[in-house]
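The structure appears right after this line, and notes come after that.
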Amino acid sequence: MQAPSPVDVDDPYLWLEDVDGARPVAWVEAQNARTLAAFAGPEFEQDRAAFRAILAAPDKIPYARKHAGYLYNLWQDKDNPRGLWRRTTLESYRTPTPAWTNLIDIDELGRKESENWVWHGCSTFPPDHRRGLVVLSRGGADATVIREFDLDSRSFVADGFALPEAKGPAAWADADTLYVVRPHGEGHATASGYARTVRRWRRGTPFAEAEIVFEGRTSDVFALVGVDRERGFERTFVGRQISFFEAERFLLEPGGRLRRVDIPADAIWFTHREWLTVRLRSPWMPKDREFPADSLIVIRFDAFMSGDRSFDLLFEPSERRTIRRAAWSKSRLALGILDNLRTRIEIAEPSAAGWTFTPLPGVAETETVDMWSLGDDGAESSEAFLLTRDGFLEPTSLHIVERGRAPEPLKQLPPQFNASGLTVTLHEVVADDGVRIPYFQVGPKDLPLDGSTPTILYGYGGFLVSLLPGYTVDVGKAWLERGGLYVVANIRGGGEFGSAWHKAGIREGKKRAHDDFAAVAADLIRRRVTSAEHLACHGGSNGGLLVGNMVTRYPELFGAVWCQIPLLDMRRYSKLLAGASWIAEYGDPDKPEDWAFIKGFSAYHLAAAGKPYPPVLLWTSARDDRVHPGHARKMAARLEEFGHKVFFYEPREGGHGTSDFEQTAHTWALGYAFLRRTIGSGRGR
């Protein structure tokens with residue numbers, strides 16, 4: 001536990017930050033028992049069984065990524081809740097029942113090693129991808145162990161590369177060398193708990209002797225490394241993530257020389273073959289033309305490093321039109337565009353005459369389309385893309401997009417809930433400062449405008465994250481099927497309308513983002529869609545901070561609050577686990593000028609007695625090593641002290657989320673049991 005500072009001495013619940021202490025664990029166990037006793041009845045069991053069946057269904061889409069002739073997938077079902085890591089060929093994948101070869105049984109491995117392993121991926125080494133770095137987490141935490149794996153023998157390599165538990169990646173430099181970005185050893189960690197050094201570790205040598213090839217600062221978020229092994233375009237980049245939104249990167253040349261890549265620190269950029277692709281987050285004039293924030297510009301990388309600044313403009317934003325994603329295949333660039341919350345895809349292709357743009361068929365305003373590279377063929381990128389389509393009421397479909405051909409369906413998720421009689425509509429409310437705040441509404445076509453419909457309002461509002469239509473099976477099965485209404489608020493702090501929309505909802509604007517959410521709630525009540533008695537809000541992580549502020553600042557608007565893995569104590573957040581990495585989003589509470597506005601949205605400090613707060617369900621995880629479980633623990637204790645109705649639940653596993661579908665089903669069932677008990681269960685359908 002972090003030692004308290006002078007400003008914390010009046011906090012009576014600091015002891016709950018000791019995650020594994022006997023007294024806090026006893027408190028958690030008592031709270032868990034009380035919460036389960038309140039909600040774990042027949043409907044809870046019915047929902048949990050339904051969720052299990054959905055999450056373990058054999059007809060789910062097996063998402064896969066291609067490497068050297070194989071598509072790799074992690075498959076979870078009722079017999080393999082932690083998963084089977086497996087592979088097949090693209091030809092087989094196109095069939096209704098692909099022939100998979102199992103490589104690692106995660107459940108069996110956990111039993112054999114007496115560990116609760118959770119899969120975090122495997123990076124293989126080209127061109128043949130016969131060796132991989134398997135990344136495993138205990139209980140779903142961000143910290144992982146890394147072990148070398150032989151894909152031919154399907155076994156871990158004896159005396160191969162192995163790194164003990166820590167946060168951070170390792171990347172192949174060559175078949176016998178790794179770049180390691182992990183804080184093993186004294187002096188290698190940042191204030192956020194990540195690595196501040198990049199080390200080159202050669203096979204057969206002690207890790208303590210690994211050469212430091214780059215060193216950042218303790219105040220950085222983390223050091224970083226990226227290795228591009230595309231044949232003929234091999235490059236290694238190192239650098240420092242200065243804040244959550246700013247980075248400085250260098251090209252690592254033979255002999256260890258570093259050449260700075262002179263791109264604005266807040267820009268998002270990457271290289272692919274001969275191209276440097278840059279998404280701006282602030283205006284930039286690299287030569288004689290200024291590009292606005294959210295422009296997407298490209299130039300040949302070698303020319304740029306030689307001083308050329310003649311960028312081509314591939315996307316120019318407008319007030320409510322922004323770039324969402326840019327992804328290369330071998331020679332084509334897919335542009336994911338968000339146009340007033342409608343997703344669009346254009347394929348940009350360079351030629352001697354310039355760039356050509358080919359739009360993919362559009363989708364409805366309440367659907368989402370996304371696109372990314374299929375993978376690589378050994379050490380060369382594939383020309384194909386993968387594409388998904390889905391919506392609130394449209395099950396996800398997966399397609400392959402190959403040159404010169406229309407998107408070809410590969411997989412289709414069958415309906416997971418009854419959507420008959422449901423509709424999706426898009427609305428707006430005008431905030432106090434005149435800005436239009438949109439929100440999606442999903443529910444019955446014959447919705448009675450009498451304030452009686454139980455409604456969940458969901459939001460996030462942070463870190464440039466956009467909330468778009470998506471097929472959310474828990475909402476559909478447990479809520480929409482029963483006549484409830486689901487609303488998603490697109491508040492400031494997100495990325496729905498680009499960088500300006502995000503920046504308007506951070507630091508001093510974070511309170512404004514929360515006001516946006518309250519404005520949507522008030523509009524639902526004004527329109528008689530629902531009433532405060534039947535309206536609940538739900539959010540997690542940064543969204544947990546959001547709904548925590550609904551408890552303390554807008555309790556009159558809600559009949560219940562479901563708050564997951566939240567930040568709530570904004571006085572101490574930067575001292576707990578990875579909290580210091582989010583100072584760019586929230587501000588620095590150790591600076592008086594920042595605390596002056598942070599205290600206005602520190603829900604833990606705003607909580608008070610004598611106010612009519614709605615019932616609250618707080619859920620966190622003891623294995624969350626990103627957002628400290630102390631936030632939720634302390635908030636529950638404070639609300640309980642003040643006489644408010646609060647329920648708390650904390651499993652031992654899960655990390656910043658859940659560890660497998662069994663825990664996911666349990667968490668969903670608990671949340672919906674709480675909501676039905678507090679705001680009603682709907683009319684049924």
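List, please: which pairs have Cβ atoms under 6 Å, are six or more places apart or on different chains, and start with a residue in the stretch 112-128 that is farther than 22 Å from GLY654 by Cβ and end with one that is among the charged types (D, E, K, R)? Pairs found: PHE125/ARG131; PRO126/ARG229. Reported count of residues in the stretch 303-322, each being in a strand (DSSP E or B) and out of contact with any Gly (no Cβ under 7 Å at 6 or more places or on another chain), is 6. Scanning the stretch 80-122 for residues that are touching a strand residue (DSSP E or B) at 6+ places or on another chain (Cβ under 7 Å), farther than 24 Å from LEU410 by Cβ and not β-branched (Val, Ile, Thr) gives ARG82, ASP105, ASP107, LEU109, GLY110, GLU115, ASN116, TRP117, HIS120.
Does at least one position in the stretch 643-662 carry a residue that is surrounded by fewer than 24 Cβ atoms within 10 Å (Cβ to Cβ), within 22 Å of the chain's Cα centre (by Cα), of a type outside the set (Phe, Trp, Tyr) and in a helix (DSSP H, G or I)? Yes - at least one qualifying residue is present in the stretch 643-662. Does the stretch 218-236 contain any residue that is among the aromatic types (Phe, Trp, Tyr), crowded, with 18+ Cβ neighbours inside 10 Å and over 28 Å from GLY579 (Cα atoms)? The answer is no; no qualifying residue exists. With the condition kept exactly as written, say whether any residue in the stretch 196-204 is modelled with pLDDT of 95 or more and in contact with a Leu (Cβ under 7 Å, 6 or more places away or on another chain). Yes - at least one qualifying residue is present in the stretch 196-204.
One line per residue, one yes/no per condition, for (1) in contact (Cβ under 8 Å) with a residue 40 or more places away in the chain; (2) assigned to a loop (DSSP other than H, G, I, E, B); (3) outside the structural domain of PHE648 (by TED's automatic domain parsing); (4) of a type in the set (S, T, N, Q):
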| residue | (1), (2), (3), (4) |
| --- | --- |
| ARG23 | no, no, no, no |
| ALA26 | no, no, no, no |
| ALA30 | no, no, no, no |
| GLN46 | no, no, no, yes |
| LEU74 | yes, no, yes, no |
| LEU84 | no, no, yes, no |
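Across the stretch 191-217, which residue is farthest from LEU576 (Cα to Cα) among those that are touching a Phe, Trp or Tyr at 6+ places or on another chain (Cβ under 9 Å) and among the β-branched types (Val, Ile, Thr)? Across the stretch 191-217, the extreme among qualifying residues is VAL213. Just one residue in the set ALA379, ALA326 is part of a strand (DSSP E or B) and either aliphatic (A, V, I, L, M) or surrounded by 14 or more Cβ atoms within 10 Å (Cβ to Cβ) (or both); that residue is ALA326. Residues that are without any contact (Cβ under 8 Å) to a residue 40 or more places away in the chain and touching a strand residue (DSSP E or B) at 6+ places or on another chain (Cβ under 7 Å) were ranked within the stretch 431-464; the one that is nearest to LEU675 (Cα to Cα) is LYS445. Among the residues making up the stretch 134-158, those that are more than 24 Å from ARG196 (Cβ to Cβ), in a loop (DSSP other than H, G, I, E, B) and touching a residue at least 24 places away in the same chain (Cβ under 8 Å) are GLY139, GLY140, LEU151, ARG154, VAL157. Looking at the stretch 347-366, can you tell me whether even one residue there is within 24 Å of PHE392 (Cβ to Cβ), assigned to a strand (DSSP E or B) and at pLDDT 95 or above? Looking for residues that are within 24 Å of PHE392 (Cβ to Cβ), assigned to a strand (DSSP E or B) and at pLDDT 95 or above, one finds none in the stretch 347-366, hence no.
Residue-by-condition table, conditions (1) surrounded by fewer than 14 Cβ atoms within 10 Å (Cβ to Cβ); (2) at pLDDT 95 or above; (3) hydrophobic (A, V, I, L, M, F, W, C):
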| position | (1), (2), (3) |
| --- | --- |
| ASP142 | no, yes, no |
| ILE146 | no, yes, yes |
| PHE149 | no, yes, yes |
| SER155 | yes, yes, no |
| LEU163 | no, yes, yes |
| ALA173 | no, yes, yes |
| LEU178 | no, yes, yes |
| VAL181 | no, yes, yes |
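Restricted to strands (runs of 3 or more DSSP E) entirely inside the stretch 397-465, those with at least 1 residues that are more than 30 Å from GLU319 (Cβ to Cβ) are 397-401, 408-412, 422-430, 436-444. Scanning the stretch 489-538 for residues that are under 22 Å from the mean Cα position of the chain (by Cα), buried (at least 23 other Cβ atoms within 10 Å of the Cβ) and of a type in the set (A, V, I, L, M) yields ALA489, ILE491, ILE506, ALA513.
The values are calculated or read from the model by the stated rules, or taken from the named source; none is laboratory data. Keep in mind that this is a model prediction, so the values were computed, not measured. No Cβ is skipped: glycine too gets one built from the backbone with ideal geometry, and neighbour counts run over all protein chains shown.
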